Amino acid sequence: MNIIYMHTHDTGRYISPYGVAAPTPNLMKFAREGVLFRNAFCAGPTCSPSRAALLTGMTPHSAGMIGLAHRGFQMEDYSRHLTQFLNGNGYETVLCGIQHEAPQAEMIGYSKIIGDQNFDMKVFEFDSVNWDTNNARAAADFIKDRENKEQPFFLSFGMFNTHLNFPDAAVDINPDYLDVPYPLHDNAQARSFMAQYMTSVRTADTCVGFVLDAVAQAGIEEETLIIFTTDHGLPFPRMKCTLYDTGIGVSLIMRLPSGLAGGEVVDAMVSHLDLFPTICDLAGMNKPDWLQGQSLLPILNKQTDRVRDELFAEVTYHAGYEPMRCIRTERYKLIRYYDTHDRYVHVNMDQSPLKSFVEENGFFEMDRPRELLFDLYMDPLEKVNLYGREEIGGIQNELDQGLRKWMEQTHDPLLKGQVPKPDSATV
């Protein structure tokens, strides 16, 4: 079974298969042919921790990736990366475009790196449209023209879009008629910025189309697993680098090899950690002993409608230190902060006109609660903090205990106090 893993930066669920009026027709077609997961979540809503978790099947702190790779953070053991696991199982492993799990791509162990690698995650001012498009063409050429067609392959195709800085808005995207997603204030500046996002996500969708067309032209659709996802939520205030659903909620679409489900929607709560064990089951490989996720194959085979009752997510470092953890069930979520102050960390909100707006209007002078508890049935926007209320005490205790148990089982370094940064890292 071939495996193609397509991933964007910072897209959340803001694409048309999730009901958004975004110009993503290729992803819409892909969703109709595949399986769309409506309640998929990352394990850490910052770039490198999220990707490291997905590609090791381990929580970010278990994998050692507690910060950003381009700032010097790295995994403890790259032999646990999906790439090296697949190398040992007879796969040709290929990187095209973005990786964000290591300071240098060569550390990961791909058997081949293709496309334009002239890229620095510290420098965002570049032509991301042409860079992604050229890499999509390189990925498509590999799929159609690879030398050994008998050997299964794993292709990681990573796009810079929809990361800030967005390209200029296309002339055919009128900001006057765009939606501004919660929790942003709807004003002309925000709508104008969303027009730039829509231009960026259309670029990503075009690139997805190149790859899907190449799979069809190569005649390998029936023997190829294709995964599309993103690392975390939109790079806007109270989204990316937060544990609200606007931060940890992600797109996840899978098109499966012949004989398995297609054209379906799954409401079950799933985690990025579940992809590694799912790949193992679909490809008939023994699972390594470090995996912490649950295979989704029983859902895909319609043996069950869920594989987990709870999931967890975390932040330790982004641009700065802001340790937080959460436990989420279908109905409830508990978020806890572990630092020594009660304010939001300025540098952990990506710079944009939207950040400037909330900063100018006092966001960073607001107190930040240390504990948050939400009833996601009654309050899906996570606006009403129930922590400490007597009527929710039993649920609160269960969530407190569940979060503590998970931290102990996964040897979370926060249990010992403040987590120091590695000497090689910059914050």
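What follows draws every value from the coordinates through simple rules; no lab data is involved. Everything numeric here is computed off the predicted structure, so don't read it as measured data. We place every Cβ from the backbone using ideal geometry, glycine too, and count neighbours over all the protein chains shown.
Using R0 = 22 Å, the C-beta based FRET efficiency linking residue 287 and residue 107 works out to 0.40.
Over the chain, the fraction of Cα-Cα pairs per 10 Å bin, rounded to whole percents and listed from the shortest bin up, is 4, 23, 34, 27, 11, 1, 0. Put in order of Cβ neighbour count within 10 Å, fewest first, the listed residues 240, 302 become 302, 240.
Using helices alone, I'd like the mean residue ellipticity at 222 nm for the chain: each DSSP H run of four-plus residues gives -39500 (n - 2.57), total over residue count, nearest 500. Rounded to the nearest 500, the figure is -8500 deg cm²/dmol.
Taking 25 °C and 0.890 mPa s as conditions, segment 316-416 diffuses translationally at an estimated 162 µm²/s according to Stokes-Einstein applied to its Kirkwood radius (Cα pairs). The packing ranking of peptides 335-343, 149-157, highest mean first, is 149-157, 335-343, where packing means the average number of other beta carbon atoms within 10 angstrom of each residue. Look at the alpha carbon pairs under 8 Å that are at least 6 residues apart: their mean separation over the length of the chain gives a relative contact order of 23 percent. Largest mean-square fluctuation among 288, 323, 23, in a Gaussian network model of the chain whose springs join Cα atoms under 10 Å apart, belongs to 288. Of 324, 65, 239, the sequence from fewest to most neighbouring Cβ atoms within 10 angstrom is 324, 239, 65. Placing +1 on each Lys and Arg Cβ and -1 on each Asp and Glu Cβ, with no other charges, gives segment 2-310 a dipole about its Cα centre of roughly 320 debye.
Counted as membrane-span-like here are DSSP H helices of the chain whose alpha-carbon atoms extend 15 Å or more along the helix's own axis and whose Kyte-Doolittle mean is -0.5 or above; these are 188-218.
GNM on the chain, alpha-carbon springs under 10 angstrom: the most fluctuating residue among 322, 221, 125 is 125. With a ≥ b ≥ c taken as the square roots of the eigenvalues of the C-alpha gyration tensor of segment 1-150, please select rounded if a/c is under 1.5 and otherwise prolate if a/b is larger than b/c or oblate if it is not? Rounded. Pairs of Lys residues in the chain that lie 8 or more places apart, or on two chains, and have C-alpha atoms under 19 angstrom apart add up to 10.
Length gained on full extension, residue 409 to residue 32, computed as 0.36 nm times the residue gap minus the Cα-Cα distance: 131.9 nm. Among 211, 171, 180, a tally of other beta-carbon atoms within 10 Å of each Cβ gives an order, fewest to most, of 171, 180, 211.
Determine the relative contact order of segment 88-171: mean sequence separation of Cα pairs under 8 Å and six or more apart, normalised by residue count, in whole percent. Normalised by residue count, the contact order of segment 88-171 is 45 percent. Binning the C-alpha pair distances of segment 180-225 at 5 Å intervals from 0 yields a P(r) profile of 5, 19, 16, 13, 12, 9, 9, 9, 6, 2 %, listed from the shortest bin outward. The alpha carbon centroids of segment 78-150 and segment 158-198 are separated by 28 Å.
The length gained by stretching the chain between residue 383 and residue 424 to full extension, at 0.36 nm per residue less their Cα-Cα distance, is 10.9 nm. For segment 332-378, the relative contact order works out to 68 percent when only alpha carbon pairs closer than 8 Å and six or more residues apart are counted. The residue among 262, 210, 160 whose Cα reaches farthest toward the positive pole of the charge dipole of segment 2-310, with charges on the beta-carbon of Lys, Arg, Asp and Glu, is 262.
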